[in-house]
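Enquirer: This is the structure I want to talk about, given as structure tokens.
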Amino acid sequence: MVRRRFKTEADIARYIKEGYGQGEGSSYKSWIRVQDVPSMGRSRKVVGIKSGRVHHFLSDLEYAYFLLLEFSDEVVDIREQYPLFATVRARDVAADMGIQYPVFYGTQVPFVLTSDFVVTLRGPDERKRLAIRTCKYASDLSDPNKYQGTIEKLDLERALWADQGQDDWKIVTEDLINPIFKDNLEWLHKSNLTNRVELESQLLERFIEIMVSESDGARTLSSIVRSASVAVGTPYRVGVQLFKQLVWEKRILAEIINTRLDLLLRCPKLTVGNPSQTARRAA
């Protein structure tokens, strides 16, 4: 796919007509795609478990935060690179704040601000609400060469959402992301994108029972998965896939925030989970 250009208002109108920045769930089309911006090697495309579509992330921080959102049962939809168009009202808000509305480089075309994540959350009462998150490295918020322009854009982004009645807007920095937790989620996430392992109910419960009962801290994760796989008559590699699937679905619980999951390391203590009562909170 070729890189899109944003040099005229006709360009923006065309992309809106093509559906960019619109839709929900599997039908949402990210306003900015990986191929639309210069890359320093940190952008990536990732298929989402919740959405079933390709997501576009422009930094490692965005990707790491996405994994947290994917794992949270409170999150029902994730829309990245969500546009805030330069409407007359948006420019009035900027003027009221004393901020000169940004333009695309080398043009006089008003810039399309984007929020890194617009997240749909569902609470215990089943009501849905939006949470808006923007990802910034701490250095970008402290670098005097970047600070003024960055803060102005963030203030404007927050104000534009508030003007629409959306007040749950926050900045996410790398300080929120535990690297061990992120690595564990990445390991689990990749396996849950492939074909699901299906076992009869009794065999599945037997697999869970063995994994939980033998996780006494003395054996490696690989050893316990192998024992559980033999007990239910499934190949070891399928057992590994099943274990990852069960942890992702919270059928098996483990302390994965500060303890690394690795087949060659000792298995942390495992317990039987209740998916409806765990991992509801999104950061």
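Enquirer: Arranged by the count of other C-beta atoms within 10 angstrom, fewest first, what order do Glu186, Glu249, Glu126 take?
Expert: Glu126, Glu186, Glu249
Enquirer: A further question follows. Could you compute the net charge surrounding Glu186? Neighbours are other residues with a C-beta less than 13 Å from the C-beta of Glu186; K and R count +1, D and E count -1.
Expert: Around Glu186, the surrounding residues sum to +1.
Enquirer: For Arg251, what charge total do you get from the other residues with a beta carbon under 12 Å from its beta carbon, if Lys and Arg give +1 and Asp and Glu give -1?
Expert: Local charge sum for Arg251: -1.
Enquirer: Oh, and also: For the chain, just the Cα set please: Rg and Dmax, both in angstrom.
Expert: Reported Rg and Dmax, both Å: 22.0, 69.
Enquirer: Next up: Using the alpha carbons of the stretch 9-176, what is the convex hull volume per residue in cubic angstrom, as a whole number?
Expert: 132 Å³
Enquirer: For each of Arg44, Arg89, count neighbouring Cβ atoms within 10 Å of the residue's Cβ, then give the residues from fewest to most.
Expert: The order, fewest Cβ neighbours first, is Arg89, Arg44.
Enquirer: Moving on. Extending each Cα 7 Å along its Cβ direction at Thr259 and Arg44, get the distance between those two points in nm, one decimal.
Expert: That separation, rounded to one decimal, is 2.5 nm.
Enquirer: Next question, about the same structure. For Arg219, what residues show an amide H to amide H distance below 5 Å, using hydrogens built from the backbone and excluding near sequence neighbours?
Expert: Cys267
Enquirer: Here's another thing I want to ask about it. Can you tell me the length gained on complete extension of the stretch Tyr101 to Thr8, counting 0.36 nm per residue apart and subtracting the Cα distance?
Expert: Net length gain for the segment: 31.9 nm.
Enquirer: With 23 Å as the cut-off, how large is the P(r) tail for the stretch 179-277, expressed as percent of Cα-Cα pairs?
Expert: That fraction is 15 percent.
Enquirer: Strictly over 19 Å apart at the Cα level, which of Lys29/Lys128; Lys182/Lys250; Lys17/Lys153; Lys128/Lys190; Lys50/Lys153; Lys29/Lys50 would you flag in this model?
Expert: With Cα atoms farther than 19 Å apart: Lys29/Lys128; Lys17/Lys153; Lys128/Lys190; Lys50/Lys153.
Enquirer: Rg and Dmax of the stretch 218-263, using alpha carbons, in Å: what are they?
Expert: 10.7, 32
Enquirer: So which trypsin sites (Lys or Arg not before Pro) in the stretch 122-206 are both in a DSSP loop and have at most 15 other Cβ atoms within 10 Å of their Cβ?
Expert: Answer by residue number: Arg127, Arg196.
Enquirer: Sticking with this one: Determine Rg/Rh for the stretch 84-177; Rg is computed over alpha-carbon atoms and Rh is the Kirkwood hydrodynamic estimate from the same atoms.
Expert: With Rh from the inverse mean 1/r over Cα pairs, Rg/Rh is 1.01.
Enquirer: Another question about this same structure. With everything on Cα atoms, drop me the angle between helix 179-191 and the longest principal axis of the chain, reported from 0 to 90° to the nearest 10.
Expert: Helix 179-191 sits at roughly 80 degrees to that axis.
Values quoted throughout were computed directly from the atomic coordinates according to the rules given, and no laboratory measurement underlies them. The model shown is predicted, which means the values in this text are computed figures rather than measured ones. Cβ: placed from backbone, ideal geometry, glycine included. Neighbour counts: every protein chain shown.
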